[in-house]
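Structure record follows, encoded as structure tokens.
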């Protein structure tokens, strides 16, 4: 490792440490991190944390209220709601992770390409993004689901196809600001290709803003996935998806309130946690914020 690489790594490590320190000093952000960390632990150890088989029906014990035997009660088929909620964390994390993996690179690629070249390329790509942005994300996701058919994989694809335009808009704005910077011009004068300039210089500088946006976007992904599940277009029975659990419990909610309260509280907590984490990342990664 040469001196230049070592110095760059040390500078990056210092900046990352300062950002992390600033992140954990914010109590609301720390709360969001704690909730997301708990979600990851529960998803990883779900078979050991769950007290019952989430798919096993026990009709004689249907619609039981919360008790030591069933912490969150049972549903209309006698299935343990706590166990279903625990296993549902895996489905939620699967949707959020897969959508983020698809949306992040796609949105950044479109935005950097549009902002760097400008002109007709910018006009065409941003008009496509405007078409997607002009339609509410849930309505657009429903249209894609109607074409693809219900199912968890199709729900992930539908959400991803509706979530990339805001990321592209943000990356484009960053690229437009940076494309005339002196270091970009210097790299071009040295013979750097367009691809090298975009990958090595523009994309890394756009990454912090995109990461913040992606983190905040995870809350809307959770809500959209729950909405599709509630309508029966996402994860299909008997999978314990939180939105589908609320849909199953709405017929009994006046007498068996726990059937909608438990998954509803989980959706609320996870959505707020991602928003709090996004706010904290924005404060930690924004150089304009005071230290």
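The values are calculated or read from the model by the stated rules, or taken from the named source; none is laboratory data. Quick caveat: nothing in here was measured; it's all calculated off a predicted structure. Cβ: placed from backbone, ideal geometry, glycine included. Neighbour counts: every protein chain shown.
Out of the stretch 56-81, which residues are buried (at least 19 other Cβ atoms within 10 Å of the Cβ) and either in contact with a helix residue (DSSP H, G or I) (Cβ under 8 Å, 6 or more places away or on another chain) or part of a helix (DSSP H, G or I) (or both)?
Result: 70, 72, 73, 74, 75, 81.
Do the conditions hold for residue 254, that is, is it surrounded by fewer than 23 Cβ atoms within 10 Å (Cβ to Cβ) and assigned to a helix (DSSP H, G or I)?
On the way: surrounded by fewer than 23 Cβ atoms within 10 Å (Cβ to Cβ): yes; assigned to a helix (DSSP H, G or I): no.
Spelling it out, it is not the case that residue 254 is surrounded by fewer than 23 Cβ atoms within 10 Å (Cβ to Cβ) and assigned to a helix (DSSP H, G or I).
Any chance you could count how many residues in the stretch 257-290 are in a loop (DSSP other than H, G, I, E, B) and either within 22 Å of residue 220 (Cα to Cα) or at pLDDT 90 or above (or both)? Full working, then the answer.
Applying the first criterion (in a loop (DSSP other than H, G, I, E, B)) to the stretch 257-290 yields 257, 286-290.
Filter once more, keeping what is either within 22 Å of residue 220 (Cα to Cα) or at pLDDT 90 or above (or both): 257.
Number of matching residues: 1.
Would you be able to say whether some residue in the stretch 92-114 is part of a helix (DSSP H, G or I) and more than 30 Å from residue 132 (Cα to Cα)?
First, the residues of the stretch 92-114 that are part of a helix (DSSP H, G or I): 92-114.
Those still in the list that are more than 30 Å from residue 132 (Cα to Cα) too: none.
No, the stretch 92-114 contains no residue that is part of a helix (DSSP H, G or I) and more than 30 Å from residue 132 (Cα to Cα).
For the condition modelled with pLDDT of 90 or more, within 15 Å of residue 262 (Cα to Cα) and within 21 Å of the chain's Cα centre (by Cα), what is the one hit in 81, 64, 85?
So the residue among 81, 64, 85 that is modelled with pLDDT of 90 or more, within 15 Å of residue 262 (Cα to Cα) and within 21 Å of the chain's Cα centre (by Cα) is 85.
With 197, 212 as the choices, which residue is in contact with a helix residue (DSSP H, G or I) (Cβ under 7 Å, 6 or more places away or on another chain), surrounded by 13 or more Cβ atoms within 10 Å (Cβ to Cβ) and closer than 26 Å to residue 283 by Cα? Please lay out each step first, then the result.
Working: 197 fails: closer than 26 Å to residue 283 by Cα.
None of the other options fit; the residue is 212.
Which count do you get for residues in the stretch 234-249 that are surrounded by fewer than 24 Cβ atoms within 10 Å (Cβ to Cβ) and closer than 12 Å to residue 155 by Cα?
1
State all residues of the stretch 18-51 that are at pLDDT 90 or above, assigned to a loop (DSSP other than H, G, I, E, B) and surrounded by 13 or more Cβ atoms within 10 Å (Cβ to Cβ); if no residue qualifies, say none.
Once the filter is applied, which keeps residues that are at pLDDT 90 or above, assigned to a loop (DSSP other than H, G, I, E, B) and surrounded by 13 or more Cβ atoms within 10 Å (Cβ to Cβ), the stretch 18-51 yields only 50.
Starting from residues that are in contact with a helix residue (DSSP H, G or I) (Cβ under 7 Å, 6 or more places away or on another chain) and in contact (Cβ under 8 Å) with a residue 40 or more places away in the chain, keep the ones in the stretch 44-55 and report whichever is nearest to residue 76 (Cα to Cα).
54
Answer yes if at least one residue in the stretch 217-232 is touching a helix residue (DSSP H, G or I) at 6+ places or on another chain (Cβ under 7 Å), part of a loop (DSSP other than H, G, I, E, B) and modelled with pLDDT of 85 or more, and no otherwise.
yes
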